[in-house]
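This report refers to the structure that appears directly beneath it.
Just so you know, all these numbers are worked out from the coordinates, no wet-lab data involved. None of the values given here were measured: they were computed from a predicted structure. Positions of Cβ are generated from backbone atoms using ideal geometry, with glycine treated the same way; all protein chains shown enter the neighbour counts.
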């Protein structure tokens, strides 16, 4: 199993240079059957990462650029009257795919956002009283630009909660950037990329994730973290039970990527910033979410 | 109006907190209400009244968002309060005045208590005021009420401290805060007990209680006038309690000897002066001695009551007491704390076989030219050549056969009190009978004196001890007969035998004047009261009566060695430190959770590494720490990594339920690895 996941990571790293940690996190999120939110400045490779992952995992890929005039129908699909059959015929939208890249999700109106988020939760679309099931596996990789929020509709906390992870990509290091500059950019390579696994194999990996052992000692630690976020004055509100479940699933995926059959506290510590960062609202506006999580980790004994 | 802006600034600052401080205010006012209710029994009435006014005012300020009174109102109020205390008590010092001043100032401070800091100051002051009530009274119920008030104050403190946290206001919050406060007090109990047992006691009353504390005590006086014993009989206050080593003697034997009065002056009878001490009267005893222990309530006088007639072995007496020539036992200092002492008495005795000339003079002393009718009667008996015994008989016969009535409410006596009583009103209480009898005897030339004290008592079946109340106060006579010495004659028994046989309740069955508990018509109440008194008696013996002697005895029992009270201080400090260290240890050591065997071995491993200068951070996972330690100690890197990996898998990997044996093997491998790890 570790061979496969290593191969996936290696292949993706050929396109996204020097970002193994982020690739691993994104993969862990997919293995834990969650949706991914990538928050970073334009040009950091958000779209490339999403596209590469879809390619490597052998998945269908669709991309929607979110704008303020985008309507729910543009994403979900629409029923059009067919004169030949004298009937309404459903034209599926871009959402009927394995991986949907929702670019700049915060540019769309809340109406469209919520339509998408609903589908993310249910994995099905209901239009005119007919329910259409989405292909499996299905997940959304959304991106948003954190700095220029003018003319955007920021996702409220309740909707941020739908994303299992939020990651940032950050600038590449000097060596990777040199390598990138020497090549012709990732896009060309992207087209040549061959998949490592297919959708069926991915589903197998996802279910294998469930079998990663979580001991009582680890649950003690996990609960200590949850308790701390709820009792500490540092946070406005603590982590929800759903967040606790998410932490466990991500830690399992992370342990699998490390080739272990059980979760250890280090797994939780690795994924905690990405899983809890967007769910915890700090009481103080001065410290960033990264500092907050670091503080949280330091405060809870293993 | 000019400080409105100031107030508004305050309000906007505390805006979100008003809700919480309402809790704090109500807690504070409730607990202070308890405290002031207790003080209502001990301070002038206007002091609690003052509190009620300011408490309501403060509550309305909070409720209706009124303005706080300005400095120009508060300043004169404060001065007026101080002045009122000064006028009431005539001083600002002394127990009553200073506690009164504190109480008044705390009431007024309510009007300027608004910030968190104010509340904390207020609560601390209120703790002090509340505990001060114990300077006035130490009954159990007061103690319980004080505990209640302290719990309320602690809840106030909790409520104030919670103000910065967001708490959803709910009716539950009262319960939560009260529970937490009770828990805090309960946690303080061990410290309280250690302090109670070990805090060095000093013999005598609590240091520095001002003298005015004792003004309210009741008891026998050193002189007697018609009316003052019947006055005393209206009080149900307990005078003393007695535990007998053997069976309790019959009621008519229970004469508790107090002041002996010799000197007559008008209607007043007084003790002999101590300036020229008389030799102690000789005592011959017969029969079996009665041994008993008396717990005497403080009465601010010197007498120690004893069963008639005590044989005094100096060693048995409480510190520095002495015996007077007429068998009164006197302490050196007035009795201001409850004391316990042993008694050793004989019911059959012969006292003062020889009467000295001086005593004879004293025992025949009368003011001339008073009570002519009485003197005539006495002269008549003498002229009939009656013997002293016959004279006594004649006098008692007169009481018995004429229409004398025993009553708690005798009419006032005129200018010649004995004449008026014997020949006119014929209604009196024991002091009337005793004094007129002695007067008659002296007029007839028989040496006589009055003995005051208590008669009877009430058996508490729950504790098998005797309760003697102020209502049992009594006066009787002693006459001196050639050959017999001083003989006790109780003229009251001639008038009302029931008084002596069965107690005052039986002698005056219908008297509404008697205190409720001395009467016979409420058996239920009496039963309840007896239970309650047994509890009270225990409280007095073991809590209030825990003095230096008891403390030393207890410690001697515990340590099996004599210790001085200076050592107790050291013991106290050591115990307190040990207690605190223990509590800190419990708090710091993972709340005392027992470690699993795996973890215990891992802890040894961590200890070894910590000694080598690589301590594990508490938030570090085993694997991460292993890597860090391996880097720091490259020589042992392999072992460290192996141990870390093994521990981590033991802790977090899946165990097969069936492979108990392998689990044990892994454990022993881990043990071996840790044991073999040598760090140089």
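Taking a ≥ b ≥ c as the square roots of the eigenvalues of the alpha carbon gyration tensor, chain B is prolate, as a/c is not under 1.5 and a/b beats b/c.
Overall, the ratio between the Cα radius of gyration of the stretch A:208-302 and 2.2 N^0.38 Å, rounded to two decimals, is 1.05. With bins 10 Å wide beginning at 0, the percent of Cα pairs of the stretch B:74-142 falling in each bin runs 19, 43, 32, 6.
Secondary-structure-derived ellipticity at 222 nm for chain A, considering helices only, amounts to -14500 deg cm²/dmol, per-run term -39500 (n - 2.57) for DSSP H runs with n ≥ 4. Once C-alpha pairs closer than 8 Å and six or more residues apart are averaged by separation and normalised to the residue number of the stretch A:157-302, the relative contact order reads 30 percent.
The alpha-carbon atoms of the stretch B:526-575 define a convex hull whose volume equals 88 cubic angstrom per residue. Once the Cα atoms are used to define both axes, helix B:140-161 deviates from the longest principal axis of chain B by about 30 degrees.
With a 10 Å cut-off around each Cβ of A:265-278, the average count of Cβ atoms from other chains is 2. Note on chain B: helix-only mean residue ellipticity at 222 nm, from DSSP H runs of 4+ residues weighted -39500 (n - 2.57) and normalised by residue number, equals -16000 deg cm²/dmol. Ranked by the mean number of other Cβ atoms within 10 Å of their residues, highest first, the peptides B:229-240, B:26-37, B:61-72, B:432-443 fall in the order B:432-443, B:26-37, B:229-240, B:61-72. As I understand it, the value is the acute angle between the Cα axis of helix B:372-383 and the longest principal axis of the Cα atoms of chain B; what does it come to in degrees, rounded to 10? Once rounded, one gets 60 degrees. Spin-label model, residue B:654/residue B:66: points 7 Å from Cα along the beta carbon direction are separated by 7.3 nm. Model label sites at residue B:330 and residue A:131, defined 7 Å from Cα along the beta-carbon direction, differ in position by 10.6 nm. In plain terms, the chain from residue B:320 to residue B:525 could stretch by 69.8 nm, reckoned as 0.36 nm per residue minus the Cα-Cα distance. Under the criterion of Cα pairs below 8 Å and six or more residues apart, the relative contact order for the stretch B:9-187 equals 34 percent.
Indicate the gyration tensor shape class of the stretch B:223-523 (rounded, prolate or oblate), computed on the Cα atoms with a ≥ b ≥ c the square roots of the eigenvalues: a/c under 1.5 is rounded; otherwise a/b larger than b/c is prolate and the rest oblate. The shape class here is oblate. Note on residue B:191 and residue B:22: the model spin-label points, each 7 Å out from Cα along the C-beta direction, lie 3.4 nm apart. Rounded to 0.05, the FRET efficiency of the residue A:1 and residue B:641 pair, given R0 = 25 Å and the Cβ-Cβ distance, is 0.60.
On the beta carbon distance between residue B:402 and residue B:40, with R0 = 56 Å, the FRET formula returns roughly 0.70. Once both axes come from the Cα atoms, what is the angle between helix B:4-14 and the longest principal axis of chain B, in degrees from 0 to 90, rounded to 10? Once rounded, the angle reads 60 degrees.
Against the empirical curve 2.2 N^0.38 Å, the C-alpha radius of gyration of the stretch A:64-218 lands at a ratio of 1.31. Taking a ≥ b ≥ c as the square roots of the eigenvalues of the Cα gyration tensor, an a/c ratio of 1.5 or more together with a/b larger than b/c marks the stretch B:597-676 as prolate. Counting only DSSP beta bridges with both residues in the protein assembly as shown, the antiparallel share comes to about 75 percent.
Maximal additional length on extending the residue B:424-residue B:199 stretch stands at 74.8 nm, based on 0.36 nm per residue less the C-alpha distance. Calculated FRET efficiency, residue B:285 to residue B:354, Cβ-Cβ distance, R0 = 22 Å: about 0.85 to the nearest 0.05.
Where the alpha-carbon atoms of the protein assembly as shown are placed on the principal axes, they occupy 154, 76, 53 Å, in descending order. For the listed peptides B:103-110, B:553-560, a ranking on the average number of other beta carbons within 10 Å per residue, highest first, reads B:103-110, B:553-560.
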